[in-house]
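**Student:** Below you'll find the structure I mean.
The values are calculated or read from the model by the stated rules, or taken from the named source; none is laboratory data. Just so we're clear, the structure is a prediction, and the values are computed from it rather than from any experiment. Cβ: placed from backbone, ideal geometry, glycine included. Neighbour counts: every protein chain shown.
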Amino acid sequence: MRLKDLPVHERPRERVLARGVEALADRELLAILLGSGTPGSDAVELAARLIARHGGLHDLSRADPQELTCQPGVGPAKAARICAAFHLGQRARAPGGAVAAVGSTAALAAAAAPLLRGLRGERVVVVVCDGNGAVLRASPLSQGTSTASALSVRELLTQVLRCGGSAFGLAHNHPGGNPEPSLADRQVTHRIQEAAEVLGLRFLDHVIITDETWRRVEPTAGS
């Protein structure tokens, strides 16, 4: 039965209000975000196709807006709503919400994790702090560096200084789930540590984030 043929009280939005979100199937919840379907198919049918195209909700949650718009019937507005909803859920699952200060490696990991978990590609995040460890900004590196080993130490430190920071930490994700740092990860950590000392900045630490855990990167000298 098509959505338009259902009694009003049996439609997804009305059922959420009457019975709660637990009463709805995945495709029905996604249909609420979509808002509308396409000529010839309703929002629930479009949602079902979108979930099937990505092999389930888990992979769908990792899709970027450009990937979502490859599905006929999903334009920029719908793609943005879907990505925003999944990311908001990831932030809500972060323990304790936003981290106000970084006083330990664990706190650095907690501050960066909401920006790194649930991604399919690698991302580098810098957490900029004041002299007391209060977080001034936590964000992906502005130049779009995708891997820790490829980042420009100069650009990293420039971003810290632009934010008015006197301390900072670094984090990047391993989407494959293995939190162990590579030799390149350890070497770039050493270079950052040395460069920060020259500029009088305090380098807090470097951590690797996965969807389930995190690991500290021990600095290692090398080319």
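**Student:** With a cut-off of at least 3 residues that are of a type in the set (F, W, Y), name the helices (runs of 4 or more DSSP H) lying wholly within region 1-87.
**Tutor:** none
**Student:** Ok, one more. Pick from A43, A47, A25: which is small (G, A, S), surrounded by 12 or more Cβ atoms within 10 Å (Cβ to Cβ) and closer than 23 Å to L119 by Cα?
**Tutor:** Matching residue, one of A43, A47, A25: A47.
Residue-by-condition table, conditions (1) on the phi > 0 side of the Ramachandran plot; (2) modelled with pLDDT of 90 or more; (3) surrounded by 13 or more Cβ atoms within 10 Å (Cβ to Cβ):
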residue: K78; (1), (2), (3): no, yes, yes
residue: G89; (1), (2), (3): no, no, no
residue: R117; (1), (2), (3): no, no, yes
residue: E122; (1), (2), (3): no, no, yes
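**Student:** Let me ask something else about it. Test V135 against the criterion of being farther than 25 Å from H58 by Cα, touching a residue at least 40 places away in the same chain (Cβ under 8 Å) and not in a loop (DSSP other than H, G, I, E, B), and give yes or no.
**Tutor:** no
**Student:** In addition: Condition test on E180, is it assigned by TED's automatic domain parsing to the domain that holds A110, in contact with a strand residue (DSSP E or B) (Cβ under 8 Å, 6 or more places away or on another chain), free of Cβ contacts under 8 Å to residues at least 12 places away in the same chain and over 18 Å from A107 (Cα atoms)?
**Tutor:** Against the criterion (assigned by TED's automatic domain parsing to the domain that holds A110, in contact with a strand residue (DSSP E or B) (Cβ under 8 Å, 6 or more places away or on another chain), free of Cβ contacts under 8 Å to residues at least 12 places away in the same chain and over 18 Å from A107 (Cα atoms)), E180 does not qualify.
**Student:** Exactly one condition in (1) more than 27 Å from L119 (Cβ to Cβ); (2) in contact (Cβ under 8 Å) with a residue 24 or more places away in the chain is not met by H9; state its number.
**Tutor:** Unmet for H9, out of (1) more than 27 Å from L119 (Cβ to Cβ); (2) in contact (Cβ under 8 Å) with a residue 24 or more places away in the chain: (2).
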